[in-house]
Amino acid sequence: MYKVVYTETFARDIKKLDKSIIKRIINKISETAKNPYNIKSLKYSPKNLPNLYKLKVGDWRILFWIEQKRKNNNSLYY
């Protein structure tokens, strides 16, 4: 399982949403942390973020990237 790291922007913006949406987003992130490579990477990602991925939760899109360090020290950044 990957470690999930939230950016300050994500933490600030998610607080503005309804609690039901927040719950759906957090559940989707938890599912993704188990195996993030089931998600397709962005077709046209910025050169400085080559491992950028996108989750779809209802009308919301969540961008994240995978940082692969060592076998047991991998992280997902949202």
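The values are calculated or read from the model by the stated rules, or taken from the named source; none is laboratory data. Because the structure is predicted, anything quoted here is derived from the model rather than measured. Please note: Cβ atoms are built from the backbone with ideal geometry, for glycine as well, and neighbour counts cover all protein chains shown.
Just to be sure, is residue 30 exposed (fewer than 14 other Cβ atoms within 10 Å of the Cβ), within 12 Å of the chain's Cα centre (by Cα), among the small types (Gly, Ala, Ser) and at pLDDT 85 or above? Yes: the conditions hold for residue 30. The single condition among (1) in contact with a Leu (Cβ under 7 Å, 6 or more places away or on another chain); (2) assigned to a loop (DSSP other than H, G, I, E, B) that residue 65 does not satisfy is (2). Find the residue count for the stretch 2-44, including only residues that are touching a helix residue (DSSP H, G or I) at 6+ places or on another chain (Cβ under 7 Å), touching a residue at least 24 places away in the same chain (Cβ under 8 Å) and not in a helix (DSSP H, G or I). Going through the stretch 2-44 one residue at a time, the tally reaches 2.
Here the stretch 33-54 is the region considered, the condition is being among the hydroxyl-bearing types (Ser, Thr, Tyr) and surrounded by 12 or more Cβ atoms within 10 Å (Cβ to Cβ), and the residue that is modelled with the lowest pLDDT is 41. Take the stretch 4-37 and flag every residue that is over 25 Å from residue 50 (Cα atoms) and among the β-branched types (Val, Ile, Thr). Of everything in the stretch 4-37, those that are over 25 Å from residue 50 (Cα atoms) and among the β-branched types (Val, Ile, Thr) turn out to be 21, 22. Residue 17 meets each of the listed conditions (1) surrounded by 10 or more Cβ atoms within 10 Å (Cβ to Cβ); (2) under 13 Å from residue 63 (Cα atoms) apart from (2). Once the stretch 55-78 is narrowed to residues that are surrounded by 12 or more Cβ atoms within 10 Å (Cβ to Cβ) and in contact with a Ser or Thr (Cβ under 8 Å, 6 or more places away or on another chain), the residue that is modelled with the lowest pLDDT is 76.
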